[in-house]
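Have a look at the structure below, then the notes.
The values are calculated or read from the model by the stated rules, or taken from the named source; none is laboratory data. Quick caveat: nothing in here was measured; it's all calculated off a predicted structure. Note that each Cβ is placed from the backbone with ideal geometry, even for glycine, and that neighbours are counted across all protein chains shown. The accessibility values were calculated without ligands, DNA or RNA, using every heavy atom of the protein model including side chains. Shrake-Rupley method; radii C 1.70, N 1.55, O 1.52, S 1.80 Å.
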Amino acid sequence: MSDILLHTDAGVMTLTFNRLDKKNSITRDMYAALADGIEQARNDAQVRVVLVQGNETIFSAGNDIGDFLNHPPSTPDSPVFRFLRAIATLDKPLIAAVAGPAVGIGTTLLFHCDLVYAGDNAAFSMPFVNLGLCPEAASSLLAPRMFGYHRAAEALLLGEPFFAEAAQEVGLVNRVLPPTEVNGYAQAQARKLAAKPLSSLIETKRLMKAGQQAEVLTHLATEAQSFGRMLKEPAAREAFGAFVEKRKPDFSRL
Ligand code: COA
């Protein structure tokens, strides 16, 4: 079984994280499969809407930490950056169904979705500072814009989880549902969209995003440079070493 399941039905391409034993943490191969899936969706006239989902217990634990440390993304065509550009520029509607933890990119990818549905067990977090890193996926641009600066600063500087109701309040989530209903509800919403004229969906999305599209792409690239540099620095080494050794990191001299 693949770690990313791809299924298309009734105009909806559904991409499902399927690596439950590792909490749907995302490897390079998974980023490549996601990026390829989104590109396929862009080019396939049969696909009108894309839905990304986990299961009712976990959306995604973010980057696979081991894979990430052993093979840090170094060039713009690295799978993670291909995936981020793909979701930032997808012309068709993109929906996410989130239940359980959504860590790091599990949360930041949501800034690029058009609709987000969450289980009441959803826990969103962007713990980049706690990992000695900086934000990615243009979240340092889009979180302040969506949440307001102070709420974004709380989420990005403290890096603590925030939950479904708070996520709905700040505008990250459209609707909160029982965890077992999230994927089904999101699928139904996706099918509703898929029955509408695609040309109108695409033009409406383009007009809503037009004001910030170029800025988002520039910001993605700027963050990626900082992220890549910081990944090699002592704070990240300490944080990831602590994760692997299952101990608390010591940042007292960093
Ligand atoms: N990368 C690699 N492996 C991960 C992972 C990640 N991001 N997140 C979880 N896993 C693995 C664990 O190492 C563990 O593997 P093991 O069974 O071989 O020991 C397995 O998934 C289960 O994780 P566990 O922490 O026991 O599950 P949990 O239900 O107690 O907690 C999370 C779930 C998502 C809250 C927790 O795993 C977590 O915080 N993960 C780290 C997330 C993170 O920092 N991501 C940002 C990366 S930039």
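Taking the simple approach of a point 7 Å from Cα along Cα-to-Cβ for both Phe243 and Ala214, what is their distance in nm?
Taking the two extended label points, one gets 3.6 nm.
Among Met126, Val50, Leu207, which residue has its Cα positioned farthest towards the positive end of the charge dipole of the chain, with +1 placed on the Cβ of Lys and Arg, -1 on the Cβ of Asp and Glu, and the dipole taken about the Cα centre?
So the residue we want is Leu207.
Put Asp91, Asp77 in order of accessible area, largest first, 1.4 Å probe: what do you get?
On the way: Asp91 55, Asp77 105 Å².
The residues order as Asp77, Asp91, largest area first.
Hey, could you grab the Kirkwood Rh for the stretch 108-254? Inverse mean 1/r over distinct alpha carbon pairs, Å, one decimal. Provide the component values of the computation, followed by the final result.
On the way: mean 1/r = 0.0577 Å⁻¹.
Its Kirkwood hydrodynamic radius stands at 17.3 Å.
In whole percent, how big is the carbon plus sulfur part of the accessible area of the chain, probe 1.4 Å, protein atoms only?
Answer for the chain: carbon and sulfur cover 55 percent of the accessible area.
Expressed in nm to one decimal, what extension gain is obtained for the pair Asn43 and Thr180 from 0.36 nm per residue of sequence separation less their Cα-Cα distance?
Fully extending the segment from Asn43 to Thr180 adds 46.1 nm.
Taking all protein chains together and a probe of 1.4 Å, list His71, His112, His7, His150 from the most accessible to the least accessible. Provide the component values of the computation, followed by the final result.
Values: His71 85, His112 5, His7 110, His150 150 Å².
From most accessible down to least: His150, His7, His71, His112.
Among the trypsin sites (Lys or Arg not before Pro) in the stretch 163-254, which ones are in a DSSP loop with at most 13 other Cβ atoms within 10 Å of the Cβ? Mind listing them? All intermediate terms of the calculation are to be shown ahead of the outcome.
On the way: sites: Arg175, Arg191, Lys192, Lys205, Arg206, Lys209, Arg229, Lys232, Arg237, Lys246, Arg247, Arg253; in loops: Lys232, Lys246, Arg247, Arg253.
For trypsin sites (Lys or Arg not before Pro) across the stretch 163-254 that sit outside H, G, I, E and B with at most 13 neighbouring Cβ atoms in 10 Å, the list reads Lys232, Lys246, Arg247, Arg253.
Whole-Å semi-axes of the stretch 201-254's equivalent ellipsoid, largest first, each the root of 5 times a Cα gyration tensor eigenvalue?
Calculated on Cα positions only, the semi-axes equal 38, 13, 8 Å.
Consider all pairwise Cα distances in the stretch 7-152 and report the whole-number % of them above 19 Å. Please report the intermediate quantities before stating the final value.
Values: 5349 of 10585 pairs.
Percentage above 19 Å: 51.
With a 10 Å radius around each residue's Cβ, average the other Cβ atoms per peptide and rank 62-68, 15-21, highest first.
62-68, 15-21
Among Ala166, Ala190, Ala122, which one shows the biggest mean-square fluctuation in a GNM of the chain, springs joining Cα atoms closer than 10 Å?
Of the options given, Ala166 has the highest mean-square fluctuation.
For the chain, what is the accessible area per residue in Å² when the probe is 1.4 Å?
That works out to 47 Å² per residue.
Per DSSP H run of at least 4 residues, take -39500 (n - 2.57); add these up for the chain, divide by its residues and hand me the 222 nm value, nearest 500 deg cm²/dmol.
-13000 deg cm²/dmol
Where both partners of a DSSP beta bridge lie in the chain, what percent of those bridges are antiparallel, to the nearest 5?
Approximately 30 percent, going by the DSSP bridge assignments.
Expressed as a fraction of 2.2 N^0.38 Å, the rule-of-thumb size for a compact globular protein of N residues, what is the C-alpha radius of gyration of the stretch 69-124?
With N residues counted in the stretch 69-124, Rg over 2.2 N^0.38 Å equals 1.28.
Could you identify which residue out of Pro135, Pro79, Pro178 has the top mean-square fluctuation in a GNM of the chain using Cα springs shorter than 10 Å?
Per the Cα network of the chain with a 10 Å cutoff, Pro178 tops the list.
Once the convex hull of the alpha carbons of the stretch 134-217 is built, what does its volume come to per residue, in cubic angstrom?
Enclosed volume per residue, from the Cα hull, is 120 Å³.
So, taking all protein chains as they sit and a 1.4 Å probe, how much accessible area belongs to Glu223, in Å² rounded to tens?
That residue has around 10 Å² of solvent-accessible surface.
What translational diffusion coefficient, in µm²/s and rounded to a whole number, does the Stokes-Einstein relation yield for the chain at 10 °C and a viscosity of 1.306 mPa s, taking the hydrodynamic radius as the Kirkwood radius over Cα pairs? Can you show the working numbers first?
Numbers: Rh = 18.3 Å.
Rounded to a whole number, D works out at 87 µm²/s.
Normalising by the residue count of the chain, find the relative contact order in percent from Cα pairs under 8 Å and 6+ residues apart.
Relative contact order here is 19 percent.
Can you spot the aspartates and glutamates whose alpha carbon is less than 17 Å from Lys209's alpha carbon? Ignore those fewer than 8 places along the same chain.
Asp91, Asp114
So, counting K/R as plus one and D/E as minus one, what does the shell of residues with Cβ under 15 Å around Arg175 add up to?
Result for the local shell: -4.
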